[in-house]
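The values are calculated or read from the model by the stated rules, or taken from the named source; none is laboratory data. Keep in mind that what you see is a predicted model, and the values were worked out from it rather than measured. Here the Cβ positions follow ideal geometry from the backbone for every residue, glycine too, while neighbour counts run over all protein chains shown.
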Amino acid sequence: MRRYPISIFITVLAIVAVVLGWRMFAADELARSRAVEQVLARRSYIKLVMAVDYPAGRVAREEYTLIDDNGKSRANYAVIDRHGTAARFTERISGYDVSFAFGKAVQDGIWKLNTKHRRALDEIGYSIYVEQTADGQHGSRAFTFTNPQYWAKAAGREYHITLDPKKPTPKVQDILSLQSTSDADPRYLAIVDDFRSFGSPAFKRTMASARQKLLKS
């Protein structure tokens with residue numbers, strides 16, 4: 001009987017081992033790759049921005065920015081004067097304060113509010129931007145308005161009158177007694193308050209200090 005050399009047998013075994021090991025390694029790497037893709041698809045990102053534009057005074061603009069990037073949160077504040085000089089600072093936020101602020105803003109209607117027309121040139125302007133990425137889905141929204149106190153409490157009322165040519169013209173007292181609808185929406189003021197109230201006492205003191213420093217420059 002013919003016998004194969006031992007070296008050939010060992011070589012064949014080595015090749016088989018390499019092939020089996022490569023298959024096992026490739027399967028493991030494929031599983032890791034799919035796991036990474038799933039993590040990336042579940043990436044969580046939140047961004048909230050409020051810019052406040054002042055038509056008069058030393059301060060021209062304030063910017064509030066809240067960001068939570070996969071659990072790492074920070075808050076940015078900037079105040080800019082009429083000459084373009086800016087005071088900025090960033091604070092790392094521990095815990096879930098930004099996530100809670102986002103939840104509060106959602107509850108207050110940040111995804112549902114629309115742009116309101118400017119009523120007068122000397123009104124303070126507010127620009128709101130919200131962005132969210134979660135479970136592979138992304139959404140954003142932006143809107144502007146002025147005088148949130150007005151829209152929240154004292155917005156005008158509308159009266160709807162339908163005249164029927166077959167019926168007599170309604171009397172003045174009847175028109176005055178018609179039911180009306182109001183454009184008042186407290187959510188605009190609530191969103192502004194959400195930004196203004198964010199942060200620890202130390203964070204708010206730093207904002208006030210940055211503003212005062214700019215005004216004295």
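Would you confirm whether or not the range 42-54 contains a residue that is outside any strand (DSSP E or B) and at pLDDT 95 or above?
Residues of the range 42-54 that are outside any strand (DSSP E or B), as a first pass: 42-44, 54.
Next, from what is left, pick out any that are at pLDDT 95 or above: 54.
There is at least one residue in the range 42-54 that is outside any strand (DSSP E or B) and at pLDDT 95 or above.
So, TYR188, is that one surrounded by 17 or more Cβ atoms within 10 Å (Cβ to Cβ) and either of a type outside the set (Asp, Glu) or modelled with pLDDT under 85 (or both) or not? Outline the logic, then answer.
Numbers: surrounded by 17 or more Cβ atoms within 10 Å (Cβ to Cβ): yes; either of a type outside the set (Asp, Glu) or modelled with pLDDT under 85 (or both): yes.
So TYR188 fits the description; yes.
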Pull up the range 90-127, narrow it to residues that are touching a strand residue (DSSP E or B) at 6+ places or on another chain (Cβ under 7 Å) and modelled with pLDDT under 90, then point me to the one that is nearest to VAL49 (Cα to Cα).
ARG118
What tally of residues in the range 46-86 results from selecting those that are of a type in the set (Gly, Ala, Ser) and farther than 25 Å from ASN147 by Cα?
2
In the range 67-121, which residues are of a type in the set (Ser, Thr, Tyr) and without any contact (Cβ under 8 Å) to a residue 40 or more places away in the chain?
SER73, THR90, SER94, TYR96, THR115
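Any residue at all in the range 112-122 that is closer than 25 Å to ARG205 by Cβ and hydrophobic (A, V, I, L, M, F, W, C)? Even if it seems obvious, please write down each step before you answer.
Restricting attention to the range 112-122, the residues satisfying the condition of being closer than 25 Å to ARG205 by Cβ are none.
There is no residue in the range 112-122 that is closer than 25 Å to ARG205 by Cβ and hydrophobic (A, V, I, L, M, F, W, C).
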